[in-house]
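Following: one structure in C-alpha cells, then a few remarks.
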Amino acid sequence: MKTIIAAHFGELRGPNSMEESYAEICKIVDLMGFTGKVPVIKGAKRSIDKAPDQESASADFIIEEAMRDDPRPLICAFIRPLTDLAIAIKKEPRICGRMSVIWTGGPCFPDGSWEYNLNNDIDAANCVLLSDVPFSMINIECYDHMQISLAELQDRLSQCGKVGNYLFEQLIEGNYRNCANNSWQATRTQWPMGESWCIVDVSAVALALDPLHYNYEWKPVPFYSKDCHIFSERLARPIRFYNAIDPRYAYNDLFAKLKIVYGDQN
C-alpha cells in the first residue's frame, strides 16, 4: 500500500470535508501504529465544477506512482468522489495505461438515479469514465449488499484493540450525533435503522485483493447528467460492472487482520 488519500465528500456538512477526512485518517493511522509508515495525502478540496483549476497533492502522487518504472500493477481504489483521479488524468493522460481503478460509486444501471459518491463530483466521474483507464465499478446495486449487523460489528471489533473499539464507537456516536442535530444524514438514514449497517468501503478492498472474475459484466461506459441519471452510453469502450461482492469474505478478512495485529491489546 502506497498511500491513503484524504478525499472531500461534498459540502452538505460544510466546506472543509477534505480536511475532516484528513484529520480522521491520521487519527486512525495513529491508533494502528502506522504514523510515519503509511503516508496520508490531502486531496482536492472541492468538486471539479466548483474549482476546475485546483491543485491536488494526491493527483500529483497518483501521477508519480503511475509513471514509476515498476513491474508491479498499480491499483487505485476510490471510495469517495473521483476528483483527484480526474485531476491527475487531465494533467498526465499517459497514466491511464499504467494503472487500474476500482470505484465504489454510481447509480443503478441502466437508468441512473441519485448516488452519494457520484453526486459529489459528477464531472470528475465523467472525465474518468471517458478516459482509457481500466475501470471496475461497484455501483449502488452491488455495494448495498455489504450489510452487517451491529451486534457482529461490536463483537468482532471489540477483539481488535484500541482501533477496533474506536471504529465501532465512531459509528454509533456519529449516527446518534447526526440524528440529534437533525442533519441531512439523519433524514436519509432514519437512524437508528434497526440492527444493521452497510459499510460500503470494504467492498473496494475485497475487490483489490481478489478481482472476482466470475461476478462482473462488461457494460458500455455511462455518461451522467447533473441529476446522476445516465444521459447516454458511450460505446467507445466497456468497463466492468460488478454484480456482487461476497460480504463474508470482505468482513472476515478485515476482522481477521485486525485481530491478528491488535488482538493482544485486549
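The values are calculated or read from the model by the stated rules, or taken from the named source; none is laboratory data. Note that this is a predicted model, so its numbers are computed, not measured. Reconstructed Cβ throughout: ideal geometry from the backbone, glycine too, with neighbour counts over all protein chains shown.
Here Asp84, Asp49 are screened, and the one residue that is of a type in the set (D, E, K, R) and either out of contact with any Asp or Glu (no Cβ under 8 Å at 6 or more places or on another chain) or not assigned by TED's automatic domain parsing to the domain that holds Ile122 (or both) is Asp84. Is it true that some residue in the range 90-100 is touching a residue at least 40 places away in the same chain (Cβ under 8 Å), buried (at least 16 other Cβ atoms within 10 Å of the Cβ) and closer than 21 Å to Leu207 by Cβ? Checked the range 90-100: no residue is touching a residue at least 40 places away in the same chain (Cβ under 8 Å), buried (at least 16 other Cβ atoms within 10 Å of the Cβ) and closer than 21 Å to Leu207 by Cβ. The residues in the range 8-26 that are closer than 16 Å to Val38 by Cα and either in contact (Cβ under 8 Å) with a residue 12 or more places away in the chain or of a type in the set (Ser, Thr, Tyr) (or both) can be counted, and the count is 4. Check whether at least one residue in the range 42-54 is part of a helix (DSSP H, G or I) and modelled with pLDDT of 95 or more, and report yes or no. Among the residues of the range 42-54, not one is part of a helix (DSSP H, G or I) and modelled with pLDDT of 95 or more, which makes the answer no.
In this structure, is Pro73 surrounded by fewer than 19 Cβ atoms within 10 Å (Cβ to Cβ) and farther than 15 Å from His8 by Cβ? So Pro73 fits the description; yes. Scanning the range 118-149 for residues that are in a helix (DSSP H, G or I), among the hydrophobic types (A, V, I, L, M, F, W, C) and out of contact with any Leu (no Cβ under 8 Å at 6 or more places or on another chain) gives Leu118, Ile122, Leu129, Ile140, Cys142. Looking across the range 237-260, the residues that are in contact (Cβ under 8 Å) with a residue 60 or more places away in the chain and either among the hydrophobic types (A, V, I, L, M, F, W, C) or not in a helix (DSSP H, G or I) (or both) come down to Arg237, Ile239, Arg240, Phe241, Tyr242, Asn243, Ala244, Ile245, Ala250, Phe255, Leu258. The residues listed here are Arg68, Arg72; of these, the one that is in contact with a Leu (Cβ under 9 Å, 6 or more places away or on another chain), without any contact (Cβ under 8 Å) to a residue 40 or more places away in the chain, in a loop (DSSP other than H, G, I, E, B) and under 16 Å from Arg98 (Cα atoms) is Arg68. The numbered conditions (1) in a loop (DSSP other than H, G, I, E, B); (2) surrounded by fewer than 24 Cβ atoms within 10 Å (Cβ to Cβ); (3) modelled with pLDDT of 95 or more are all true for Phe109 except (3).
Ser149 meets each of the listed conditions (1) small (Gly, Ala, Ser); (2) modelled with pLDDT under 95; (3) under 21 Å from Ile41 (Cβ atoms) apart from (3).
For the range 225-233, indicate whether the set of residues that are modelled with pLDDT of 95 or more, within 21 Å of the chain's Cα centre (by Cα) and either crowded, with 18+ Cβ neighbours inside 10 Å or hydrophobic (A, V, I, L, M, F, W, C) (or both) is non-empty. Checking the range 225-233: not a single residue is modelled with pLDDT of 95 or more, within 21 Å of the chain's Cα centre (by Cα) and either crowded, with 18+ Cβ neighbours inside 10 Å or hydrophobic (A, V, I, L, M, F, W, C) (or both).
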